[in-house]
Amino acid sequence: MTVSATDPLAPPEVPPVRLETDRLILRQWQHGDLGPVAALRGDVRVGETLGGTLTEDQAHAFAQQMATEIAGRGWGFFAMEDRRSGHFAGFGGLRPIPFETAFTPAIELGWTLSPALWGQGLATEAARAASSFAFETLGLDEVVAYTAASNQRSQAVMRRLGMVPDPALDFDHPRLAPDHPLARHVFYRLRRP
C-alpha cells in the first residue's frame with residue numbers, strides 16, 4: 001500500500017491511502033475523474049440500482065464530497081482506476097454510513113463500476129482489498145453492505161466476499177421515497193476473519 005496525493009480534489013489533512021489490486025488502483029479523487037464520474041452516474045444502467053441518475057453538477061458534488069472525506073480521514077469511497085488503461089473505472093471502498101437506521105453507526109463496504117467493466121470480477125476484487133484494509137489496517141471487527149432487494153449483481157458480489165445476509169436488518173432506504181421501486185434494501189455483514 002502506498003500513499004499519494006497527486007492532483008487531489010481536496011487538499012489532504014492526512015495522507016490518503018492508496019490500495020492496489022492486480023487490476024485496479026483505489027485512490028484519492030482527481031480533477032480528471034469529474035467527467036468520467038458524471039458519465040457513470042448519468043448512466044441509466046447505473047441509476048437503475050442507485051435510485052436514479054445524477055446530473056453533472058450532482059456527480060461532481062458527490063466526487064468532491066468523497067474527496068473531502070478521504071482528505072479528512074485518509075480513506076473512504078475511492079476513485080477506482082483500471083491499471084491496464086489508466087482510465088476511471090468507478091468508485092468504492094469504505095465509508096461511515098451517512099444516515100441513521102437500525103444498524104448504524106457502521107462502516108459500509110461499497111462499489112460502483114462502469115457498466116463496460118461489469119461481469120469481470122472487478123467489484124469483488126476492489127471490495128476484497130477494501131475489506132482487508134478495514135480488518136488488517138483499521139482494525140475493524142465488521143463491515144456492512146446493503147443494496148436494493150432487486151440488485152442481484154451486488155448481492156452476488158456480497159456472497160462471493162463471504163458476506164452474510166441478515167434479513168432482520170433489511171430496511172427501506174431513508175433517502176428514497178417509500179413508494180420508490182428501489183426503496184427496499186437488503187443488509188449483509190462481513191466480520192473479521
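Within region 174-187, track down each residue that is in a loop (DSSP other than H, G, I, E, B) and open to solvent by less than 30 Å² (accessible area, probe 1.4 Å).
Leu182, Ala183
Of all the residues that make up region 117-156, how many are of a type in the set (D, E, K, R), touching a residue at least 60 places away in the same chain (Cβ under 8 Å) and either open to solvent by 40 Å² or more (accessible area, probe 1.4 Å) or not in a helix (DSSP H, G or I) (or both)?
Total satisfying the criteria: 2.
Check Met66, Met80 and return the single one that is hydrophobic (A, V, I, L, M, F, W, C), at pLDDT 95 or above and not in a strand (DSSP E or B).
Met66
Taking Asp170 as the residue in question, decide whether it is within 25 Å of Gly74 (Cα to Cα), open to solvent by 40 Å² or more (accessible area, probe 1.4 Å) and not aromatic (Phe, Trp, Tyr).
no
In region 52-63, what count of residues is obtained for those that are in a loop (DSSP other than H, G, I, E, B) and at pLDDT 95 or above?
Total satisfying the criteria: 3.
May I ask you to list the residues in region 94-113 that are open to solvent by 30 Å² or more (accessible area, probe 1.4 Å) and in contact with a Gly (Cβ under 6 Å, 6 or more places away or on another chain)?
If the condition is that a residue be open to solvent by 30 Å² or more (accessible area, probe 1.4 Å) and in contact with a Gly (Cβ under 6 Å, 6 or more places away or on another chain), then Arg95, Trp111 are the ones that fit.
With respect to Phe99, is the statement that it is part of a loop (DSSP other than H, G, I, E, B) and under 25 Å from Val164 (Cα atoms) true?
Here the answer is yes, as Phe99 does meet what is asked.
How do the pairs read when you match residues in region 62-88 that are farther than 19 Å from Leu109 by Cα with residues anywhere that are open to solvent by 30 Å² or more (accessible area, probe 1.4 Å) and of a type in the set (Lys, Arg), using Cβ under 6 Å and keeping only pairs 6 or more apart or on different chains?
Qualifying pairs under 6 Å: Arg83/Arg23.
The values are calculated or read from the model by the stated rules, or taken from the named source; none is laboratory data. Values in this document were obtained by computation on a predicted structure and should not be read as measured data. In this analysis, Cβ positions are derived from the backbone assuming ideal geometry, glycine residues included, and neighbour counts consider all displayed protein chains. We work out accessible area using only protein heavy atoms, side chains counted, and drop any ligands, DNA or RNA first. Shrake-Rupley method; radii C 1.70, N 1.55, O 1.52, S 1.80 Å.
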